[in-house]
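Right, one structure below, let's go through it.
Derivation of every value follows stated rules applied to the coordinates shown; laboratory data play no part. Fair warning: this is a prediction, and the values are worked out from it, not measured in the lab. Note that we place each Cβ from the backbone using ideal geometry, even for glycine, and neighbour counts take in every protein chain shown.
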Amino acid sequence: MPLGNLTACEKELVRCTRDGEEFNFAAWANGEGLTGKAWDEARIVDGAIIATLLRGDLRLTGTDPVRPHPRGLRAMGVALLEGLDIAHMTLIAPLRLGGCYIKAVEADGVRATGDLTLRACTIAGAVALMGAHIDGSLSMTGTTLGAPAVPHGLCGDRLTVKGSVFLNSMPNGPRFKAAGTEAVRLVGATINGTFEMRGAQLGEEQANSGLKANRLTVKGSVFLKSAPDGTRFKAEGKKDAVCMMDATIGGTLEMQDARLGGTKADRGLAADRLTILGSVYLNSTSKDTRFEAAGKKDAVCMMGATIGGSLYMQGAKLGGETADNGLAADRLTVKGDVVLNSASDGPRFEAEGKNAVSLLGANINGTLAMQGAWLGGATAGSGLAADRLTVKGSVFLDSTSDDGPRFAAAGMDAVRLPGATIEGQLSLVGATLTTQSGTWLQCQELTVMGTLVLQDNCYDGEGGTVDFTGANLGMLADQADGWPNKADTLVLDGLTYQRMEDCTLAYRLAWLGQQRASHLSHPRDVRPQPFEQCAKVLRQMGHPRDARRVLIEKQRHIQQKWWLDFTSQRPEDKWRCVPWPAWSNIVRRVRGGYHWVRQVLSRATINFGYSSLRPLVWFAGLVLAGWLVYWDAGAEPGDIMVPAQSVVLVEEPYATSKQLPDGYPRFHPFLYSLDVTLPLVELFQEPYWEPAGNKAPDNKGWFSGAVVRWFQIAQVVGGWVFISLFVAGLANAIRRDD
């Protein structure tokens, strides 16, 4: 191609490239004595010369082209006012430009031998590398490229780099900056080495995205973090500040102290279905600088992502009051730990949004640690939403230390764990949970194979509940201050556990008494299972008497339920089109009254079947009452008790002087009462004495033989009943082995 006459600067550039030297325009211009306008004009280089020279077919004189040295073209300080167009070319040598001004770089489809370096350059337009292939590394450290009005700062869709990509800021020097509708675009790119953007600044508020790297493949690690001199990595955009959806990273992803998105962005970090073989670091390293991500939808979105190592987010700040999610990590798979805690000597982990942290269906092979974290807010739907979460280690929702920040979660559901499975322990020690007419802890169908630890917790707000419906625990290690100190706050129906640390009866009865009021006494909603489960564990742990007391308390609530069914009007069911007929209410009330009376009698006589000795107390009371009655009735002349043998009554000694025949048993009030009350036992009293007549003696008033006779009948029936109840209760106690 005709190149015209080369300027002196261009000739020196060609010579240096041919001889393997670096061309430094400033040193050359000073040697030539150039200043002012001459300096500015001299540094202008035709980009076509560089392209042709690197292609290996630049011909100046004769027929032999100028071949670049294997070191390649290295130039400092030149200006390419018309840009550099190497699109679809094959470069036979590396290219290194430093401190240069370039209008734009057109390199789509280029095949570059060695490295492609644009160090500390100013590029007014875009760098286009779509479908390019670079055998070495791509470096733009300290370069500024693009403008808000251009589509891209760097566009590298389907770019292939066999080495690494360095888009870093220079230590204590110029910063890598990229602007454009999409500041840096690497969709479908492949990088065999590492990908570094330390201290870079990408995009602006009006941009769509700072970094768009969907389907990016990096075989090494990715560093989107602060530079060694503390320069912070920042990315902004209206849609996604950093988008790495469906990307694959062979090493780690490090974004310590980065700042992503803002109030105008949809998402700070969009990493749906990201696959990383190593760990992810989205953490803060100091009190002054922390990892921050914000967006109207998701501050950090890692739905369906797979992490081969651990996820670290200590001290991070995510989302805001208007965000949908602070951390959206539904269906996340982590083979290591997930650490969302506050550093002991650093900032607190904070997440805000309608769902501050969402881990729906996530799978964590290690531990979930959230010590000292602050989640949600007054308007949040949930602080932690972890439905169907699976954790093979333990879950810690604790305070960091005695004087450190407490784990705090607020929202309609402060902490949600329904259907979750935790193979280790679940620890809530020193936590603060806040809700208004919602749930502090929603743990329906939760499975904890280890221990549930609830201690020193604070439950703020009114109308909240702790719901463990259908939960299954290995061990319950709780204290009174671990639960809400309010009535009508616990839902324990279906909760099962194998052991419990505190077996104190008074505490357990108070704990069971904090259940939802409808579960304790509502006519149609009494739940006996929590009492039965507690009694079962107490009995297994060697406390049979306490177990009986718990079961007695259960029966007391059932008795109260029947009383309410007897006295209260049935509320209309929403699904009924017509009201209950009058006869249905009558039948219901009669049935309720019958069962209530039966419960009252059962409680009074046998303590609902759990006091086998109580019938003996009633039996003894009946004997003592009879003793007083028969002692008053007496057998002296003129008294009520008379011999039962008719032959004695007609004999003269008794008829005239009340003298008994020899050998006839004398009347003893106590033995007579015991003989009447005790069935199947003969004490030689009842067959020989009986109350006589229906009229009382003059000195007895209403106390007649008929009254004593009726009392005797009642005593016989009562004796049979109480002895039968005692025998049945004794047999039941033997069967229960208590």
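Values for this structure:
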quantity	calculated
Distance between modelled label sites at ALA480 and VAL721, nm, 7 Å Cα→Cβ extension	4.0 nm
Nearest-0.05 FRET efficiency for GLU423 and LYS287, computed from C-beta distance (R0 30 Å)	0.30
Per-residue HN-Hα couplings for region 327-344 [Karplus 6.51, -1.76, 1.60; θ = phi - 60°; Hz; x = Gly/Pro]	10, 9, 10, 4, 6, 5, 10, 10, 7, x, 9, 10, 10, 10, 10, 8, 5, 4
Nearest 10 degrees, 0 to 90: helix 8-19 Cα axis against the chain principal axis	70 degrees
Farthest toward positive dipole pole in region 614-724 [+1 Lys/Arg, -1 Asp/Glu at C-beta], among PHE703, VAL642, PHE667	PHE703
Förster radius 60 Å - calculated FRET efficiency between LYS335 and ALA714, Cβ distance, rounded to 0.05	0.20
Interchain or long-range residues, amide H under 5 Å from CYS100's placed H	GLY77, CYS121, THR122
Share, in percent, of DSSP beta bridges within the chain that are antiparallel, nearest 5	5 percent
Principal-axis tilt of helix 705-736 within the chain, Cα atoms, nearest 10 degrees	40 degrees
Sum of -39500 (n - 2.57) over DSSP H runs of 4+, divided by residues of the chain (222 nm, nearest 500)	-8000 deg cm²/dmol
Sequence of THR504, THR489 once ranked by neighbouring C-beta atoms within 10 Å, starting from the fewest	THR504, THR489
Positive minus negative residues near ALA42 (Lys, Arg vs Asp, Glu; Cβ under 11 Å)	-3
Cα→Cβ-extended label distance, 7 Å offset, between TYR101 and GLN436, nm	6.0 nm
Listed residue pairs exceeding 26 Å between alpha carbons, taken from LYS287/LYS392; LYS219/LYS287; LYS486/LYS554; LYS239/LYS317; LYS297/LYS317; LYS234/LYS335	LYS287/LYS392; LYS219/LYS287; LYS234/LYS335
Other-chain or far-sequence residues with amide H under 5 Å of GLY464's (modelled H)	SER437, GLY438
Region 132-139 - phi-based ³J(HN,Hα) in whole Hz, Karplus 6.51/-1.76/1.60, Gly and Pro as x	6, 9, 10, 6, x, 10, 10, 10
Phi-based couplings in Hz for region 349-363 (Karplus 6.51, -1.76, 1.60; Gly and Pro marked x)	6, 10, 9, 10, x, 4, 10, 4, 10, 10, 10, 4, x, 6, 10
Residues LYS37, LYS486 arranged by fewest to most Cβ contacts within 10 Å	LYS37, LYS486
Segment PHE670-ARG67, extension gain: residue separation times 0.36 nm, minus the distance between their alpha carbons	203.7 nm
Extension gain (nm, one decimal) between SER344 and GLU204, 0.36 nm per residue minus Cα-Cα	47.0 nm
Which label in [x] 0.95; [y] 1.37; [z] 1.39 gives the computed Rg/Rh (Cα atoms, Kirkwood Rh)	[y]
Degrees, to the nearest 10: 544-567 long Cα axis against longest axis of the chain	80 degrees
Simple Cβ-charge dipole of region 1-103, Lys/Arg +1 and Asp/Glu -1, about Cα centre, in debye nearest 20	220 debye
Exposure proxy ranking, count of Cβ atoms within 10 Å, fewest first, for LYS297, LYS162	LYS162, LYS297
Amide H partners (placed H, <5 Å) of THR90, local residues excluded	ARG111
Unit charges on C-beta of K, R, D, E only; dipole of region 614-724, Debye	400 debye
Sum of side-chain charges, SER382 neighbourhood, beta-carbon under 9 Å (Lys, Arg +1; Asp, Glu -1)	+1
Calculated FRET efficiency for the pair LEU613/PHE703, C-beta based, R₀ 35 Å, to 0.05	0.60
Local net charge near ALA480, Cβ-Cβ under 15 Å (Lys/Arg +1, Asp/Glu -1)	-3
Dipole moment magnitude, nearest 20 debye, region 333-483 about Cα centre, only Lys, Arg, Asp, Glu C-beta charged	520 debye
Label-point separation in nm, ALA731 to ASN192, each point 7 Å along Cα→Cβ	8.8 nm
